[in-house]
Amino acid sequence: MMLKDKIALVTGAGGGIGAAIAEAYAQAGAHVVLADLNESALAPVRDRCAEYGVRVQAVSVDVTDSDATKAMIDGAVADFGRLDILVNGAGLLTEAPLLEMEPALWDQMISVDLTSVFLCCRWAAPHMVAQGSGRIINVASQLGIKGGESLVHYSAAKAGVIGLTKALAREMAPLGVLVNAIAPGPVETPLLAGITKEWREAKQAELPLRRFGTVDEVAPTAVLLASEPGGNLYVGQVLGPNSGDVMP
Ligand SMILES: NC(=O)c1ccc[n+]([C@@H]2O[C@H](COP(=O)([O-])OP(=O)(O)OC[C@H]3O[C@@H](n4cnc5c(N)ncnc54)[C@H](O)[C@@H]3O)[C@@H](O)[C@H]2O)c1
């Protein structure tokens, strides 16, 4: 029960990695607020988390909407009394070579995968600073470090998340709030549903581990970063459960 009675809010909780982190938090004793654009995806996650006997709330929200995001976070604090852990897991993946990339596709990616992280941090941080404690965990990607073909927008957004994490970590650590990122490699989730068999096989052959990860192999990193004393000394770090693809 490493997170017993902590209050955690996880965005993207209807999807693969976010749902697994929310469930791991519930299993560790945290009460969880599950946030996602896809309301129907939240119901089974809510049921699985509730099996651990913790309080669970599911909220449908578009994390690119500043007012809605602020209302969600303020509402969670009003209902649960505090906010100990924020995980920014919401994201999407689209693909296009630069020569075919419409500016609208770029804008959408920056909005969903980067600006949303700023917004959730912006509206959660005041509560954490007032408490004098908190943990913020941003889900980036190893592609923010190494870059990916046909993914200039995604790579830029995730590199932005890493930069934001480091800058915010410096600002917040003296105030008691620890900010870190997780940069997974390829993980079996609906996000990778569209990849071809050829791409999958080629990618797997490149990985020192020779296989993609599972969400259950990523979630424990988020538990570690949220925990005490195990997470106490991580400040502005980018942890990489990535099958060995990137070794910074
Ligand atoms: N799967 C991978 O290989 C992989 C690798 C590295 C990083 N990531 C990152 O992990 C995070 C989770 O990805 P996943 O693989 O679990 O994907 P996923 O598609 O299973 O989950 C993403 C979730 O985010 C939600 N979402 C999307 N836009 C939203 C919005 N505007 N507001 C609220 N919710 C929104 C979706 O509804 C979905 O439930 C993402 O940030 C992704 O970039 C994934």
Inset, instruction - Name the one entry in D79, D62 that is in a loop (DSSP other than H, G, I, E, B), charged (D, E, K, R) and without any contact (Cβ under 8 Å) to a residue 60 or more places away in the chain. - result: D62
Inset, instruction - Just give me the residues in region 1-45 being surrounded by fewer than 18 Cβ atoms within 10 Å (Cβ to Cβ) and either within 16 Å of the ligand (Cβ to nearest atom) or closer than 12 Å to V61 by Cα (or both), in sequence order. - result: N38, E39, S40, A43, P44
Inset, instruction - Please tell me if L92 is within 20 Å of A181 (Cα to Cα), within 16 Å of the ligand (Cβ to nearest atom), surrounded by fewer than 20 Cβ atoms within 10 Å (Cβ to Cβ) and touching a residue at least 60 places away in the same chain (Cβ under 8 Å). - result: yes
Inset, instruction - Considering only region 156-183, state which residues are open to solvent by 20 Å² or more (accessible area, probe 1.4 Å) and over 18 Å from the mean Cα position of the chain (by Cα). - result: R170, E171, A173, P174, L175, G176
Inset, instruction - Filter region 184-209 down to residues that are part of a loop (DSSP other than H, G, I, E, B) and loosely packed, with under 11 Cβ neighbours inside 10 Å and give me whichever is modelled with the highest pLDDT. - result: P208
Legend entry - Test result for K6, of a type in the set (K, R), more than 24 Å from P220 (Cβ to Cβ) and touching a residue at least 24 places away in the same chain (Cβ under 8 Å): no
Legend entry - Complete set of residues in region 82-120 that are among the hydroxyl-bearing types (S, T, Y) and either within 21 Å of A24 (Cβ to Cβ) or not in a loop (DSSP other than H, G, I, E, B) (or both): S111, T115, S116
Inset, instruction - Mind listing whichever residues of region 124-164 are more than 22 Å from G244 (Cα to Cα), of a type in the set (A, V, I, L, M) and not in a helix (DSSP H, G or I)? - result: I136
Legend entry - Single condition E217 does not satisfy, out of (1) more than 12 Å from the ligand (Cβ to nearest atom); (2) among the acidic types (D, E); (3) surrounded by 14 or more Cβ atoms within 10 Å (Cβ to Cβ): (1)
Legend entry - Single unsatisfied condition, V179 versus (1) within 15 Å of the ligand (Cβ to nearest atom); (2) not in a loop (DSSP other than H, G, I, E, B): (1)
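The values are calculated or read from the model by the stated rules, or taken from the named source; none is laboratory data. Keep in mind it's a predicted model, so treat the numbers as computed, not measured. Cβ: placed from backbone, ideal geometry, glycine included. Neighbour counts: every protein chain shown. Only protein heavy atoms, including side chains, enter the accessible area calculation; ligands, DNA and RNA are left aside. Shrake-Rupley method; radii C 1.70, N 1.55, O 1.52, S 1.80 Å.
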